[in-house]
Amino acid sequence: MDQIIKQILRTGIKTETPPAPDDALRGQVREINAQILRHVGRALAIRHVDAGSCNGCELEIHSLNNAYYNIEGLGIHFVASPRHADMLLVTGPVSRHMETALLRTFDATPDPKLVVALGDCGCDGGIFGESYASCGRVANVIPVDVAVPGCPPSPTAILQGILTAVSQRSAPR
């Protein structure tokens, strides 16, 4: 143990200095928060529904919660119940077994609700398409506001899709 402490004292601090605060980025965060507040009046609550995906999109969704993307800092969080959700984030082609569950989840989400389909499978059925076991794309089962293509889409693309859905809904019609 003494050798380790001596090594630490000899080596010293070897980390980089933290970057300076970026005022432009803070302004963007404030604008995103304002858009979300105009739409829902509070933090945006998202319910994720896996309708039969390979879990590639889920890995990218989970990375949105890490310190780099910090989706919670934008006023966006994930909830366990569709009754508390403002948006459904649906991944995968809708399997026949998940069709009823997706419809019930959609019906349980209070209005005004947003739906974002993620990944190539959610947008157009992907490699699975429509078959005896798959309904295909999410839009075949429930109405979709924004589709985010990619296999899997990057966390940045997912965040952009979420913000696009919010900005489309909060824009005057």
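Tabulated values for the structure
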item: Any hit, segment 51-59, residues being assigned to a helix (DSSP H, G or I), more than 28 Å from Ser167 (Cα to Cα) and hydrophobic (A, V, I, L, M, F, W, C); result: no
item: Failed item in (1) of a type in the set (D, E, K, R); (2) under 24 Å from Gln168 (Cβ atoms); (3) in a helix (DSSP H, G or I); (4) modelled with pLDDT of 80 or more, with Arg30 passing the rest; result: (4)
item: Segment 1-24 residues that are closer than 17 Å to Tyr68 by Cα, paired with ones that are of a type in the set (S, T, N, Q) and loosely packed, with under 10 Cβ neighbours inside 10 Å (beta carbon under 8 Å, 6 or more apart); result: none
item: Filter result for Val115 (hydrophobic (A, V, I, L, M, F, W, C) and farther than 21 Å from Leu163 by Cα); result: no
item: Matching strands (runs of 3 or more DSSP E) fully within segment 102-173 where at least 1 residues are over 15 Å from His48 (Cα atoms) and out of contact with any Ser or Thr (no Cβ under 9 Å at 6 or more places or on another chain); result: 134-136
item: Matching residues in segment 71-101 - criterion: being among the hydrophobic types (A, V, I, L, M, F, W, C) and assigned to a helix (DSSP H, G or I); result: Ile71, Leu74, Met98, Ala101
item: Given (1) within 26 Å of Asn65 (Cβ to Cβ); (2) charged (D, E, K, R); (3) without any contact (Cβ under 8 Å) to a residue 12 or more places away in the chain, number of the condition Asp145 does not satisfy; result: (3)
item: Subset of segment 99-140 (residues that are within 13 Å of Leu88 (Cα to Cα) and among the β-branched types (Val, Ile, Thr)); result: Thr105, Thr109, Val115, Val116, Val138
item: Residue that is surrounded by the fewest Cβ atoms within 10 Å (Cβ to Cβ), among those in segment 39-87 that are among the basic types (Lys, Arg) and over 25 Å from Asp124 (Cα atoms); result: Arg42
item: Hits in segment 142-157 - residues which are farther than 17 Å from Ala85 by Cα and either in contact with a Lys or Arg (Cβ under 9 Å, 6 or more places away or on another chain) or buried (at least 21 other Cβ atoms within 10 Å of the Cβ) (or both); result: Ala147, Val148, Pro152, Pro153
item: Residue in segment 91-104 that is of a type in the set (Asp, Glu), surrounded by fewer than 18 Cβ atoms within 10 Å (Cβ to Cβ) and more than 18 Å from the chain's Cα centre (by Cα) present; result: yes
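The values are calculated or read from the model by the stated rules, or taken from the named source; none is laboratory data. Here the structure is a predicted model, which is why all the values come from computation and not from measurement. Because the Cβ atoms are built from the backbone with ideal geometry, glycine has one as well, and the counts that use them run over all protein chains shown.
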